[in-house]
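Report on one structure; see the data block that follows.
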Amino acid sequence: MYKIADGFNVAEENLTLVIPQPQGIGIAYTQRDYSMGYTVVEQGAYTIWRYNVLSASEYTDLLTTFGLADATTNAVTVLTRDNTRQFVRKNGTIIRPAIEESAHWQMPFYRDVEFVIVGLQDAT
């Protein structure tokens with residue numbers, strides 16, 4: 001289950017369950033390089049939590065839960081899926097969706113909402 005909390009390195013038992021649950025893409029990378037020794041080096045870890053449709057109240061509740069009610073970004077600890085579809089605890093910065101870019105208002109719903117979480121690193 002996807003979970004979140006304000007701040008870095010929050011223990012898993014202190015994370016808040018995200019309701020409604022998003023559709024996660026797993027962890028992606030902004031850059032992937034291959035060394036001559038065939039070693040893969042991945043940089044810029046991020047994930048996207050997607051919602052096809054949210055009511056106005058669900059959207060507002062998520063902004064509050066994610067610490068984005070009055071901010072455009074927030075430092076968080078998340079429980080999210082990795083590339084093997086397993087849940088992992090990571091630190092990152094969640095970004096508030098830009099209306100008409102990563103969240104579209106079609107009365108009375110928000111559609112195609114994407115919360116991007118960048119700078120993912122292992123939580124301790």
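Each reported figure results from applying straightforward, stated rules to the coordinates on display, with no laboratory input. Quick caveat: nothing in here was measured; it's all calculated off a predicted structure. Please note: Cβ atoms are built from the backbone with ideal geometry, for glycine as well, and neighbour counts cover all protein chains shown.
Compute the long axis of helix 56-65 from its Cα atoms, compare it with the longest principal axis of the Cα atoms of the chain, and write down the angle in degrees, 0 to 90, nearest 10.
Result, in degrees: 50.
Taking the Cβ of Y29 as the center, what net charge do the other residues with Cβ under 15 Å away carry, scoring Lys and Arg +1 and Asp and Glu -1?
Details: positive: R32, R81, K90; negative: D33, E42, D82, D122.
Here the count lands on -1.
Could you list Y34, Y110, Y59 in order of exposure, starting from the residue whose Cβ has the fewest other Cβ atoms within 10 Å? Spell out each step's value before the answer.
Working: Y34 9, Y110 22, Y59 18.
So the ranking, lowest neighbour count to highest, is Y34, Y59, Y110.
In whole Hz, what ³J(HN,Hα) sequence does the range 21-28 give by Karplus (6.51, -1.76, 1.60; θ = phi - 60°), x for Gly and Pro?
Karplus-based 3J(HN,Hα) across the range 21-28 equals 6, x, 9, x, 9, x, 9, 10 Hz.
Please give the net charge around I95, taking every other residue with its beta carbon less than 13 angstrom from that of I95, where Lys and Arg add +1 and Asp and Glu add -1. It would help to have the intermediate numbers written out before the result.
Details: positive: R96; negative: E101, E114.
Result for the neighbourhood of I95: -1.
How large is the Kirkwood hydrodynamic radius of the range 3-122, in angstrom, based on all distinct alpha carbon pairs? Each step should come with its number before you reach the end.
Details: mean 1/r = 0.0669 Å⁻¹.
It is 14.9 Å.
Tell me, S102, S35 in order of fewest to most beta-carbon neighbours within 10 Å? Each step should come with its number before you reach the end.
On the way: S102 16, S35 8.
Listing S102, S35 from fewest to most nearby Cβ atoms yields S35, S102.
Give a residue-ordered list of calculated ³J(HN,Hα) values for the range 8-18 (Karplus: 6.51 cos²θ - 1.76 cosθ + 1.60, θ = phi - 60°; whole Hz; x for Gly, Pro).
Computed from phi, the couplings for the range 8-18 are 8, 6, 7, 4, 4, 5, 9, 7, 9, 5, 7 Hz.
Whose amide H sits under 5 Å from the amide H of T16, counting only residues 5 or more places off or on another chain, with H placed in the peptide plane?
I4, A5
Could you grab the relative contact order for the chain? Cα pairs under 8 Å, six or more apart, rounded to a whole percent. Spell out each step's value before the answer.
Working: 282 pairs, mean separation 38.3, N = 124.
Relative contact order here is 31 percent.
Using a Gaussian network for the chain with springs between C-alpha atoms less than 10 Å apart, which of these wobbles most: D112, D70, D33?
Answer for the Gaussian network model of the chain: D33.
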